[in-house]
Amino acid sequence: MAYPSQVGPLAIAHRGGAGLAPENTLAAFARSTALGIRYLETDVRLTSDGQLACFHDESLDRVTSARGPVRHRTMAQLRRLGVGGEPIVTLTEALEAFPHSRFTVDLKEAAAIEPMARVLAQRSVGERVCVAGAWDGWLSRLRELAPHAHTALGWRSLTTLISCARAGVSAPRWVRTAEFAHVPVSLGRLPVFVDRLVDKAHAHGIRVIVWTVDDPTLMDRLLDAGVDGIITDRPDLLRENYIRRGIWEPMPTLTVEPIPRAAG
């Protein structure tokens with residue numbers, strides 16, 4: 001049940017599986033879990049009434065019919081807007097709807113640290129969540145408030161680890177601040193991941209998760225390089241890859257009741 005308990009490479013559905021259903025919605029999470037995906041990735045933004053919405057962007061503009069910052073809306077207002085015809089839900093609702101799934105959660109803002117810690121306060125919840133996508137100081141504070149939660153490396157530690165790998169030198173011991181390194185394949189046209197990063201990270205007991213990978217050929221190259229997991233918008237393609245390699249570990253499929261739309 002604990003987040004890091006799976007031994008083989010993790011298959012993680014990015015934004016719930018954004019290539020298969022509207023991102024960060026119960027529909028996306030349900031589609032991926034129906035495929036047998038154990039790990040779901042989502043993002044959280046703080047609403048004006050202090051709730052953690054499963055939502056990636058700072059602004060509503062890209063995926064809703066509204067404009068402006070998420071933080072200026074209540075959760076009820078966001079739920080009425082929806083994404084691709086699906087309601088926006090809270091992190092707690094997602095965790096409750098998929099009690100056997102493990103979640104990677106990108107923490108998008110400092111104001112969300114304490115609300116996140118409250119969500120993770122129950123050990124049975126905190127142990128199946130890995131918090132990522134944040135600065136080292138944010139994650140350190142979160143671990144103080146919710147010590148049983150898991151985290152990935154913060155941006156400073158991750159940047160140092162990547163820089164050392166690219167230079168072919170050993171990373172300092174202090175980079176080992178977490179169990180996972182969530183590494184982008186590239187930033188724009190700039191390649192970030194290098195094969196020797198895996199050995200450098202493993203020397204510190206850090207597991208390397210690479211995002212966001214939707215191309216089957218690249219999936220093969222990364223798995224051949226020894227990565228410990230892949231985050232993808234196309235969990236269906238990653239599942240096919242894992243089955244072909246004989247490393248697929250599906251979870252039992254479960255039925256989820258949809259979160260109803262608010263009236264109005």
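No value in this document is a laboratory result; all are computed from the given coordinates. Predicted, not measured: the structure shown is a model, and the values here were computed from it. Every residue, glycine as well, gets a Cβ built from its backbone with ideal geometry; the counts of neighbours run over all protein chains shown.
To the nearest 20 debye, what is the magnitude of the charge dipole of region 9-162 about its Cα centre, counting +1 on the Cβ of each Lys and Arg and -1 on the Cβ of each Asp and Glu?
My answer is approximately 100 debye.
Just to be sure I understand: if I project the alpha-carbon convex hull of the chain onto a plane and average over all orientations, what area do I get in nm²?
The directionally averaged projection comes out at 13.4 nm².
Hey, can you rank 209-217, 18-26 by average C-beta count inside 10 Å, highest first?
Per-residue Cβ counts within 10 Å, averaged per peptide and sorted highest first, yield 18-26, 209-217.
When DSSP assigns beta bridges and you keep just the ones with both residues in region 8-245, what percent turn out antiparallel, to the nearest 5?
Percentage antiparallel, nearest 5: 25.
Only Lys, Arg, Asp and Glu count, each charged at its Cβ (+1, +1, -1, -1), so figure out the dipole size of the chain about its Cα centre, rounded to 20 debye.
Approximately 340 debye in magnitude.
Work out which trypsin sites (Lys or Arg not before Pro) in the chain are exposed loop sites (DSSP not H, G, I, E or B, at most 15 other Cβ within 10 Å) and give the longest gap free of them.
So the longest stretch without any such site is 68-188.
Go ahead and set up a Gaussian network model of the chain, Cα springs under 10 Å, then flag whichever of Gly84, Gly188, Gly246 fluctuates most.
Judging by the Gaussian network model, the answer is Gly188.
Okay, helix-only estimate at 222 nm for the chain: each DSSP H run of n ≥ 4 adds -39500 (n - 2.57), divide by all residues, round to 500 deg cm²/dmol; what do you get?
The helix-only estimate for the chain comes to -8500 deg cm²/dmol at 222 nm.
May I ask for the Rg/Rh ratio of region 13-153, computed from Cα atoms with Rh as the Kirkwood radius, given to two decimals?
Value, to two decimals: 0.94.
For Lys200, what charge total do you get from the other residues with a beta carbon under 15 Å from its beta carbon, if Lys and Arg give +1 and Asp and Glu give -1?
Result for the local shell: +2.
Using the 10 angstrom Cβ neighbour count as an exposure proxy, how do His14, His150, His204 rank, fewest first?
His204, His150, His14
For Ser32, what charge total do you get from the other residues with a beta carbon under 11 Å from its beta carbon, if Lys and Arg give +1 and Asp and Glu give -1?
After counting each charged neighbour, the total is +2.
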